[in-house]
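This report concerns only the one structure given below.
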Amino acid sequence: DTGTPMARVSRAATLGALRRPAVKQAIGIAAVAQGVMVFLMIPTPIAMIACGFGDAAASDVIRWHIVAMFAPSFFTGFLITRFGAEVIATVGLCTIVTSAVGASLGISEVHFYGSLIVLGIGWNFAFISATTLLDAAVTDAEKAAVQGFNDTFVAFISTVCAFAAGFIVADFGWFTLTLISAGVGMLALVVTVYYRPQPIHS
């Protein structure tokens, strides 16, 4: 039994929405933003302690990273309204790439603080813009189901990246982890710049 006819129609409509390019783009940006953020953030305290910094410094870097993740929310909505969600998503992905490149350039306290703060800002711009893009890409009837899939998929990517980060930093080192982060962010940035599906309006 596959459920009532209404449930089958709802599932079919949801699958149809997930095949739309604009929906896939929005979910992809959110997944990359969340995944790269977790990928870089999770092993940062371990990397800092391995580089000779104390627990207090490692905790402070994460503290400022979290501030940078949410403080821009006071004006991110205005920027999206003013310049458009795709533009701010592009800026966010570019900022994430910048943070990964910055992290790869050194292991001083300045590098850790700077890269994690920049990472938080980039995540905010990209993730909130992706949410806005997703909202514009689905109808009112599709929103609940598609948003549920989006949240589940992003959480799955986040979990995978959290486990992968520990493995990579332990076996291959911090530098390799930052290069992977930069590469994934750059790929997402290129796709976002050159692939511009049209949103729908319900």
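The values are calculated or read from the model by the stated rules, or taken from the named source; none is laboratory data. Predicted model, so just to flag it, every value in this text is computed and none were measured. FYI the Cβ positions are ideal-geometry reconstructions off the backbone, even for glycines, and counts take in every protein chain you see. The protein model used for the area step is the full one, side chains on, heavy atoms only, and it has no ligands, DNA or RNA in it. Shrake-Rupley method; radii C 1.70, N 1.55, O 1.52, S 1.80 Å.
Per residue of the chain, the DSSP helices (runs of n ≥ 4 H) give a summed -39500 (n - 2.57) that works out to -29000 deg cm²/dmol at 222 nm.
Listed by number, the DSSP H helices of the chain that run 27 Å or longer by alpha-carbon position along their axis and have mean Kyte hydropathy of at least -0.5 are 21-41, 85-104, 109-137, 140-171, 174-194. For the stretch 111-202, the relative contact order comes to 49 percent (Cα pairs under 8 Å, sequence separation of at least 6). Solvent-accessible surface of the chain, taken per residue with a 1.4 Å probe and all protein chains present: 50 Å².
Model label sites at Phe78 and Val193, defined 7 Å from Cα along the beta-carbon direction, differ in position by 2.8 nm. Summary value for the chain: 36 percent relative contact order, contacts being C-alpha pairs under 8 angstrom separated by 6+ residues. Size of the stretch 10-95: Rg and Dmax of its alpha carbons, in Å, are 17.5, 55. Could you please state how large a percent of the accessible area of the chain is carbon and sulfur, counting protein chains only and using a 1.4 Å probe? Roughly 73 percent of what the probe reaches on the chain is carbon or sulfur.
Net charge dipole, the chain: roughly 560 debye, given to the nearest 20, about the Cα centre with Cβ charges of +1 for Lys and Arg and -1 for Asp and Glu. Subtracting the Cα-Cα distance of Val110 and Lys24 from their residue separation scaled by 0.36 nm leaves 27.3 nm. Once you have a ≥ b ≥ c as the square roots of the Cα gyration tensor eigenvalues for the stretch 95-136, tell me rounded if a/c is under 1.5, and otherwise prolate or oblate according to whether a/b is larger than b/c. Since a/c reaches 1.5 and a/b is larger than b/c, the shape of the stretch 95-136 is classed as prolate.
Is the shape of the stretch 43-202 rounded, prolate or oblate, going by the alpha carbon gyration tensor and its root eigenvalues a ≥ b ≥ c, with a/c under 1.5 for rounded and a/b larger than b/c for prolate? Note, shape of the stretch 43-202 comes out prolate.
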